[in-house]
Amino acid sequence: MRKCDVLIIGAGPAGLTAALYAGRAKLKTVVLDGSNPGGQIVTTHEIANYPGAPDDSGPGLIDKMVKQMNQFGAEYIREKAIEVKLNEDIKIVKTKNEEYQAKTVIIATGASPRKLNCPGEVALTGKGVSYCATCDADFFTDLEVYVVGGGDSAVEEGMYLTKYARKVTLINIMDKMQAASSIMEKAAANEKISWILNTTIKEIKGDGIVEGMVLKNVVTNEETEINACEEDGTFGVFIFVGFAPKTELFEGKLEMKKGYIVTDEDMKTNIPGVFAAGDLRIKSLRQVVTATADGAIATISAEKYIENKFKGE
């Protein structure tokens, strides 16, 4: 059994920032994650919109965060949390090998974009395949871009991409787009946007970069191969078919909506002493910069909670 002041579950940007702030506040801090630190950002090869890191890579930025966290004494342990008990004053988090008792818990397990699960998608993620227009749009300036999805987010992201790409084609497996009529009206008026319906991507091809893909019509089963034009050499594939918050461990233990943890602006959940930060909580923008902000706020809230609840210990 190990005791700590702050136990952070998840080592993405939100969790690492929370750990940095907790360590700097002289709180005994443990970070648990079943994989290497980083979360989604480690798949990003270049970061252009994080303040102060215009030429950094995702792995490079995470390495800096880990070093900074370590400087302040927070401890990272590569173990997956498999059981939590959150309702008592002292929270219990169990891994396969250890039981942790913590005065506060910050949940920062993140969310992951839903994938198409087609050949080539994983290998070419960050090399033409993206799940974030705000992050990666400028890499496709004057190139062609294909956006997969038919909901509000897909169409809105497609319109955003028209600021950079010379042409944006929306691909939807359904026979019509599901976005709100007001959004569709704007998309229809944008001369850069077109769409292909009843279609999905069967395969994404390329040697180190997206160079082509195979589309399949789900009604006729007809397949069409699309290759990048010789001058461009590549095109973008942006996938917006939803997110999956990594919150299964907390189901029935915290207030949630559609799998996302509900918090207030101070990152407080409905259970005292339990906080959530990053992409797993209900929020309007999921970016590295908002994740780090959440992590900082969560730790400040946790610090205040400890001061009030465990005064004199």
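Odds and ends about this structure:
- Within region 294-310, not a single residue is among the aromatic types (F, W, Y), closer than 16 Å to A111 by Cα and in contact (Cβ under 8 Å) with a residue 12 or more places away in the chain.
- Of all residues making up region 229-268, the number that are open to solvent by 40 Å² or more (accessible area, probe 1.4 Å) and outside any strand (DSSP E or B): 16
- Every condition in (1) open to solvent by less than 50 Å² (accessible area, probe 1.4 Å); (2) hydroxyl-bearing (S, T, Y); (3) in contact (Cβ under 8 Å) with a residue 40 or more places away in the chain is met by S57 except one, and the failing one is (3).
- Close pairs (9 angstrom Cβ cut-off, 6 or more residues apart or separate chains): within 18 Å of E230 (Cβ to Cβ) in region 132-149, among the acidic types (D, E) and open to solvent by 20 Å² or more (accessible area, probe 1.4 Å) anywhere: D142/D232; L143/D232; E144/D232
- As a summary of the residue check, I271 satisfies the conditions (1) of a type in the set (V, I, T); (2) surrounded by fewer than 17 Cβ atoms within 10 Å (Cβ to Cβ); (3) farther than 22 Å from V31 by Cβ except for the one numbered (3).
- Test result for Y160, among the aromatic types (F, W, Y) and more than 20 Å from E231 (Cβ to Cβ): yes
- From the list V6, V84, the lone residue that is crowded, with 22+ Cβ neighbours inside 10 Å, at pLDDT 95 or above and assigned to a strand (DSSP E or B) is V6.
- Within region 89-139, considering residues that are assigned to a strand (DSSP E or B) and out of contact with any Gly (no Cβ under 9 Å at 6 or more places or on another chain), the one nearest to F235 (Cα to Cα): T125
- When the criteria are applied in full, L27 fails the requirement of being in a loop (DSSP other than H, G, I, E, B), within 30 Å of M213 (Cα to Cα), in contact (Cβ under 8 Å) with a residue 60 or more places away in the chain and not charged (D, E, K, R).
The values are calculated or read from the model by the stated rules, or taken from the named source; none is laboratory data. The shown structure was predicted, so the numbers you read here are calculated from the model rather than taken from an experiment. Every residue, glycine among them, receives a Cβ derived from its backbone with ideal geometry; neighbour counts consider all protein chains shown. In case anyone asks, the SASA skips ligands and DNA or RNA and just uses the protein heavy atoms, side chains included. Shrake-Rupley method; radii C 1.70, N 1.55, O 1.52, S 1.80 Å.
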